[in-house]
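Student: Pasting in a structure now, in structure tokens, and then I'll have a few things to ask.
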Amino acid sequence: MEYVAMIGLLFAPIVCLLCAAWFYVRWQNEHEDQALAQRDRRTCFIFLIAAAASLVVFGVLKLLFPISA
């Protein structure tokens, strides 16, 4: 379990931030279709919240299950 926590702590927030960046760019580039732009804005914020939540969850798991050498 300690390795799952460490891998999750390293990669889950990065993946969420990359997805948030992708939808941020899509949100900023949508000038014609406002409904699509608002959907991309909402998805961007959802991925930002998911990045913070994954940091908390995997950080707590890392504290609960430290790597023992």
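Student: Any idea how many residues of the stretch 37-65 are closer than 16 Å to L9 by Cα and not polar (S, T, N, Q)? Show your work before the answer.
Tutor: The first filter runs over the stretch 37-65 and keeps only residues closer than 16 Å to L9 by Cα, leaving 47-65.
Checking the rest, the ones that are also not polar (S, T, N, Q) come to 47-53, 55-65.
Of the residues in that region, 18 qualify.
Student: Here's something else I'd like to know. Any residue at all in the stretch 18-27 that is open to solvent by 100 Å² or more (accessible area, probe 1.4 Å), among the hydroxyl-bearing types (S, T, Y) and part of a helix (DSSP H, G or I)?
Tutor: Yes, there is a match, as at least one residue in the stretch 18-27 is open to solvent by 100 Å² or more (accessible area, probe 1.4 Å), among the hydroxyl-bearing types (S, T, Y) and part of a helix (DSSP H, G or I).
Student: In the stretch 29-47, which residue that is part of a helix (DSSP H, G or I) and open to solvent by 80 Å² or more (accessible area, probe 1.4 Å) is farthest from F58 (Cα to Cα)?
Tutor: Restricting attention to the stretch 29-47, the residues satisfying the condition of being part of a helix (DSSP H, G or I) are 29, 34-47.
Restricting the remaining residues to those that are open to solvent by 80 Å² or more (accessible area, probe 1.4 Å) gives 29, 34, 38-39, 41-42, 45-46.
Working: N29: 33, Q34: 36, Q38: 30, R39: 28, R41: 26, R42: 24, F45: 20, I46: 18 Å.
Among them, the one singled out is Q34.
Student: Out of (1) touching a residue at least 60 places away in the same chain (Cβ under 8 Å); (2) surrounded by fewer than 16 Cβ atoms within 10 Å (Cβ to Cβ), the odd one out for K62 is which?
Tutor: (2)
The values are calculated or read from the model by the stated rules, or taken from the named source; none is laboratory data. The structure presented is a predicted model; accordingly, all values stated were derived computationally and were not measured. Every residue, glycine as well, gets a Cβ built from its backbone with ideal geometry; the counts of neighbours run over all protein chains shown. SASA here: full protein model, heavy atoms, side chains in, ligands and nucleic acids out. Shrake-Rupley method; radii C 1.70, N 1.55, O 1.52, S 1.80 Å.
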